[in-house]
1. With a point put 7 Å past each Cα toward its Cβ, work out how far F83 is from T57 in nm, to one decimal.
2. Quote to one decimal, in nm, the extra length available between K91 and I32 on full extension: 0.36 nm per residue of separation minus the C-alpha distance between them.
3. ³J(HN,Hα) across region 24-31 via Karplus (A = 6.51, B = -1.76, C = 1.60, θ = phi - 60°), whole Hz, x for Gly/Pro?
Amino acid sequence: MLSETVLLNERAEQIGKGVLTMKNFSFNARLIYFGAIALFSLGFFFLQLSSVMDGGTGIGSIILLILWGVMAAFGIGGIIASFAVKKRNNK
């Protein structure tokens, strides 16, 4: 039983070492990643906004509008942060 636990812990450590982080991505890859999130989220944000403006009177419609806005802000923030990191690294 103890040896199985040790083996599982070693396997978990091996898996953990292979995790990608954003610092492993190139500048262009980060722009593509966050740009895709921003475009996709802004598209659905404006689609949901038009639905709410046309009389979507449910609280669910408003919550979805807020959530798509948060996702769009995440994408735009990621693009801005990528440029900030590039600028800081170029100094």
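We did not get these values from a lab; they are worked out from the coordinates using the rules stated. All of these numbers come straight from a predicted model, not from anything done at the bench. For neighbour counting, all protein chains shown are included, and Cβ atoms are generated from backbone atoms with ideal geometry for every residue, glycine included.
1. 4.3 nm
2. Working: separation 59, 0.36 × 59 = 21.24 nm, distance 2.36 nm.
Contour length minus Cα-Cα distance gives 18.9 nm.
3. 7, 8, 6, 4, 5, 5, 5, 5
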